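In what follows, a single structure is set out as structure tokens and then discussed.
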């Protein structure tokens, strides 16, 4: 050093410069991939998100959605799409709800299928919100699936858990993706089962992230309502309509009460359940319907299932008496070996269900509450 100046005794060669640049580039690449690996490592749901996106791509291909560019969030929601052709429920599988089915056909399905007939009318348009409410096990979810199948609309079976994320602000983006995806693939039905657990009445004790997600959901929903050409329907089901936020009820003008079946409805449901079963001549479906007052559709199915199992029990007892193990590879032959369902089977099944319900209720009421 002389006079405060530094003199380099040698200069970097061309190869040394290339080596230095290479090392710096390698260091930068390692740093980039290292940071990316760390971000992925601290996100425990990363693997599930990738699998959901792959599943969404397969579903979109199967339902014929192509040439549509979707964001990462929209692909996460698209994993919950259901192909209408794969829905195994139709109107013929639902008994005792003819009035509700007819009204849904007129108010929801017809405006979607015959859109060109109502282009000049602002009144005859599919509602942007449909609420199915009533006791559990009465067919609300079945109606929603049959509606999607009948209308030929894309069906998003929205799981509320898919809208929650550990990162701040991600839930709002996922809520926005629900509507943006539905608009891109319309006509579309977004079904939210147990909607009261998600869009329940708001209060000051709500978590900030939950409150923001609800506000985002309702704000985007309002945007759909103001667009008359948009064919996106939010369909919710609940057995606690009193817990749903009033702002949500305002956005669901089409409400259908799916209540407990009355006597003619119970008879129709029993006939539908037993249509392919072997039943004795002494079985009176009308008498069984009279004995099952207050039963829901799922209760009636469970009753028939228990009654059908009694003949299996008798078959096993007879087999044990003969001490022979019957090897039957043909399921049809095994089915023919069972006796038909008798009226006594239904009576025993009914007594068993009533006994179970009474004792279950007593056990629940005996639990001490602190």
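Evaluating residue 269 against the criteria (1) outside the structural domain of residue 341 (by TED's automatic domain parsing); (2) part of a helix (DSSP H, G or I); (3) under 17 Å from residue 100 (Cα atoms) leaves one unmet condition, (1).
Between 211, 146, 215, which is more than 27 Å from residue 69 (Cα to Cα), free of Cβ contacts under 8 Å to residues at least 12 places away in the same chain, out of contact with any strand residue (DSSP E or B) (no Cβ under 6 Å at 6 or more places or on another chain) and assigned by TED's automatic domain parsing to the domain that holds residue 52? Exactly one residue qualifies, and that residue is 211. The residues listed here are 160, 82, 130, 178; of these, the one that is over 21 Å from residue 199 (Cα atoms) and surrounded by 14 or more Cβ atoms within 10 Å (Cβ to Cβ) is 82. Being farther than 18 Å from residue 194 by Cβ and without any contact (Cβ under 8 Å) to a residue 24 or more places away in the chain is a property that does not hold for residue 271. The residue that is nearest to residue 262 (Cα to Cα), counting only those in segment 272-281 that are surrounded by fewer than 15 Cβ atoms within 10 Å (Cβ to Cβ) and under 29 Å from the mean Cα position of the chain (by Cα), is 275. Condition (residue is modelled with pLDDT under 85, within 30 Å of residue 262 (Cα to Cα) and in the same structural domain as residue 149 (by TED's automatic domain parsing)) applied to segment 70-88: is it met by at least one residue? Checking segment 70-88: at least one residue is modelled with pLDDT under 85, within 30 Å of residue 262 (Cα to Cα) and in the same structural domain as residue 149 (by TED's automatic domain parsing). Note on segment 282-303: residues that are without any contact (Cβ under 8 Å) to a residue 60 or more places away in the chain and farther than 17 Å from residue 263 by Cβ amount to 2.
The values are calculated or read from the model by the stated rules, or taken from the named source; none is laboratory data. In this text, all values refer to a predicted model and were calculated from it rather than measured experimentally. With ideal geometry, Cβ positions are generated from the backbone for all residues, glycine too; neighbour counts draw on all protein chains shown.
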